[in-house]
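Every number here is computed from the coordinates shown, using simple stated rules; none is lab data. Bear in mind that the values here come from a model prediction, so they are computed numbers and not experimental data. All Cβ positions, even for glycine, are placed from backbone atoms using ideal geometry, and neighbour counts span all protein chains on display.
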Amino acid sequence: MDRISRKELKKDKFREELASTVEYVGLHRQQMVRYGAVVVALVLAVLGWRYYSKQKSAEREGALQAAMDVQNRQIGPETGNEFLPTFPTVEARANAANKAFNDVIAKYPGSDEAQIAYYFLGVAANDTGKTTDAEKYFKVASEDGSREYGSLAKYSLAHVEYALGKPAEGERLLRSLIEKPTIFVSKDQASLSLAKLIAPTRPNEARKLVEPLMTSKNPAVSRAALTAMSEFSQQ
């Protein structure tokens, strides 16, 4: 009997709570609808931002790809084929590429695409013998944005620094890449480059960098190491 009374009490309590909840909803319907609308608005805003972000990302990637297409055009006489456009000279291509990449930087500052655009500006400058300009662009690209893309610029900057008579700075950059490689610049790649650059003045140290790479499981790395060792022996 006591057990039944408890069950009934529980049922009565549940009914009371349910009735109270229904009454609360009835009395506060407008307020709850308003809060519900706020939640829906927030959800829609998040979904809208994601869609907008994807659209903007695709837009940035498209602009960068168009600029890269300019950079990759062949040098030579006109082919008459709209799908195979050419530039008459390297300088003409560099000028067109500069404009395209600067447009990306101006339109999407601070983005990964802008960082890559700075890198390609450095490439274009280096192609036309403007080494000082290349140094400037590679520095910006190596310091701004992601470490992965920055490593490409740092790798190129190291070689530019050697060309400008700054071997200590070039070596510092390559050693930093050896210590912290990325998916774009491996430890092996940075080690081989450093070895080739220091070989004329420090051949023994260059050999020490290359020797472990001669037995690399990567065939491309081992071949490059063997070639480098052969070149060192001829110096």
Seminar exercise, completed: Given pairs Lys136/Lys166; Lys130/Lys154; Lys107/Lys154; Lys166/Lys196; Lys139/Lys180 and cut-off 20 Å on Cα-Cα distance, the over-length ones are Lys107/Lys154
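On a full-extension model of 0.36 nm per residue, what is the gain between Glu78 and Glu205, subtracting their alpha-carbon distance, rounded to one decimal in nm? Present the calculation step by step, with values, prior to reporting the outcome.
Details: separation 127, 0.36 × 127 = 45.72 nm, distance 4.90 nm.
Length gained between Glu78 and Glu205: 40.8 nm.
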Exercise. Which far-off residues, 5 or more places away or on another chain, put their amide H under 5 Å from the one on Thr86, with H placed in the peptide plane?
Worked result: Thr79
Exercise. Along region 227-234, what does the Karplus equation 6.51 cos²θ - 1.76 cosθ + 1.60 (θ = phi - 60°) give for ³J(HN,Hα), rounded to whole Hz, x for Gly and Pro?
Worked result: 5, 5, 5, 5, 5, 5, 5, 8
Problem set entry | For region 90-96, 3J(HN,Hα) per residue [Karplus equation, 6.51 cos²θ - 1.76 cosθ + 1.60, θ = phi - 60°, Hz, x = Gly/Pro] | 4, 5, 5, 5, 4, 5, 5
For this session: Return the long-range amide H neighbours of Ser216 (sequence gap of 5 or more, or a different chain), with a cut-off of under 5 Å between placed amide H atoms.
Result: Ser222
Problem set entry | Rough spin-label spacing in nm, given labels placed 7 Å along Cα→Cβ, for Gln65 and Thr132 | 3.8 nm
Exercise. What spacing in nm lies between the two simple spin-label points modelled at Ser230 and Met214, each 7 Å away from Cα in the Cβ direction?
Worked result: 1.3 nm
For this session: Would you give the gap between the C-alpha center of region 64-106 and the C-alpha center of region 135-167, rounded to a whole Å?
Result: 23 Å
Exercise. Taking Cα pairs under 8 Å and at least six residues apart, what relative contact order does region 88-131 come out at, in percent?
Worked result: 45 percent
For this session: Give me Rg over Rh for region 77-160, both radii from the alpha carbons and Rh done the Kirkwood way, two decimal places.
Result: 1.04
